[in-house]
Amino acid sequence: MLNGKTLPIQAIANKIKQYQMQLSRISNWQCYHQLLEAMDAPLLQAVRPLINEDMEWEKLIEQCEIHDSVHQINKHSAHNSSRPHQKPRPQSKPYNNTMPSSNSYSKPQYRFDRNRKPTPSTSRFTKLMQ
């Protein structure tokens, strides 16, 4: 697992072999067990009866890859089928510029009239303006 994502078995096998090349004291037996530890439980259950530590590394990885690809396909299809299907959105109605019917409530429309003079009020500011 790297950054929260599971790696394909081939990527893990390559990393293990790179470590073995860098550190010569890592044996094939240790590489085999390191590979087993890196597998998730369902893959390990599927592969364990088919592989052993005496197999050639390439044959071992080939066997693991087969089951890993099937496991990944099943995992993705199960993930997609467990998602609730989104309901299709209703199509929005086009803007209708018609007046509402007389029996429905309509908001009064206020319009600005430039020529209209303000109505006098009894405010203290009115006296200042005169």
Got at least one residue in the stretch 17-37 being exposed (fewer than 10 other Cβ atoms within 10 Å of the Cβ) and at pLDDT below 90? yes
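When the residues of the stretch 1-16 are narrowed to those that are part of a loop (DSSP other than H, G, I, E, B) and closer than 13 Å to E65 by Cα, which ends up least open to solvent (accessible area, probe 1.4 Å)? Explain how you work it out, then say what you get.
Taking the stretch 1-16 first, the residues part of a loop (DSSP other than H, G, I, E, B) are 1, 3-4, 6-8.
Cutting the leftovers down to closer than 13 Å to E65 by Cα gives us 7-8.
Values: L7: 47, P8: 75 Å².
Filtering first and then ranking leaves L7.
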Next item on the list: With respect to L43, determine if the residue is outside any loop (DSSP other than H, G, I, E, B) and at pLDDT below 90.
Entry: yes
query: Of the residues that make up the stretch 27-37, is at least one within 19 Å of H67 (Cα to Cα) and touching a His at 6+ places or on another chain (Cβ under 9 Å)?
result: no
Quiz item: Do the conditions hold for C64, that is, is it in contact with a Phe, Trp or Tyr (Cβ under 9 Å, 6 or more places away or on another chain) and assigned to a helix (DSSP H, G or I)?
Solution: no
For the stretch 52-73, pairs from a residue that is closer than 25 Å to S27 by Cα to a residue that is hydrophobic (A, V, I, L, M, F, W, C) and surrounded by fewer than 14 Cβ atoms within 10 Å (Cβ to Cβ), with Cβ under 6 Å and 6 or more apart or across chains, are E53/W29; Q63/L50
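The values are calculated or read from the model by the stated rules, or taken from the named source; none is laboratory data. The model shown is predicted, which means the values in this text are computed figures rather than measured ones. We place every Cβ from the backbone using ideal geometry, glycine too, and count neighbours over all the protein chains shown. To get the accessible areas, we keep the full protein, side chains included, count just its heavy atoms, and leave off ligands, DNA and RNA. Shrake-Rupley method; radii C 1.70, N 1.55, O 1.52, S 1.80 Å.
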